[in-house]
Amino acid sequence: MVKIARHPDQRGVYRLTTELTLPVSRNEVFEFFSDAYQLERITPPWLHFAVQTPRPIDMGVGALIDYKLRLHGIPIRWRTRIAVWEPPFQFIDEQLSGPYRLWRHLHTFEEVDGQTVCRDQVDYAVPGGALVHWLIVKRDVRKIFEYRRQMLAQILDEDTPLNPIESYEDAQTT
């Protein structure tokens, strides 16, 4: 389930939380998330999301990752920085430039009985404040993370070891 609420301490900031249990090891899940190009697989097609940073991306604190997407037909460039990198337990990406006034995404991974509990906590703020959030952003963000949950379950809930692909386009041609 995807939950969105006002941030408990920061005015004008919202907090999205979600949790998903996957029947694979924490190391496998973290390996999947260590490849920024996997975002193309777990982001809804209607966003036309593409990683722009050339491979290989050396993931770690300070890594910069550039993306492009289309939101309601508007082309957007987005740059994030990895602020925290603690394999295989957690990492944080923060928006440096993009569609939000603030975007700080904490990903955590906890191994429980041979499975992995993946948690997301995203603190974000939007231009236009509460009205824009209520009219557009809240619904969009919820749909994006619901799609992400479905795709993660589909991709990582397999009995076979991970076989990452290069990008969404490669998946379409194989």
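A short reminder: the numbers here are calculations on the coordinates, not readings from a lab. Note that this is a predicted model, so its numbers are computed, not measured. Positions of Cβ are generated from backbone atoms using ideal geometry, with glycine treated the same way; all protein chains shown enter the neighbour counts.
Summary of values
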{"quantity": "Relative contact order (%) - the chain, alpha-carbon pairs under 8 angstrom, separation at least six", "calculated": "26"}
{"quantity": "Residues whose placed amide H lies under 5 Å from that of T53, excluding near-sequence neighbours", "calculated": "D66"}
{"quantity": "Label corresponding to Cα Rg over 2.2 N^0.38 Å when calculated from the structure given, among (i) 1.01; (ii) 1.23; (iii) 1.06", "calculated": "(i)"}
{"quantity": "Inter-label distance for A130 and A83, nm, one decimal - labels placed 7 Å from Cα along Cα-to-Cβ", "calculated": "2.5"}
{"quantity": "Farthest toward positive dipole pole in the chain [+1 Lys/Arg, -1 Asp/Glu at C-beta], among Q150, A130, I65", "calculated": "A130"}
{"quantity": "Helix 138-156 axis, angle to the chain major axis (alpha carbon atoms, nearest 10°)", "calculated": "0"}
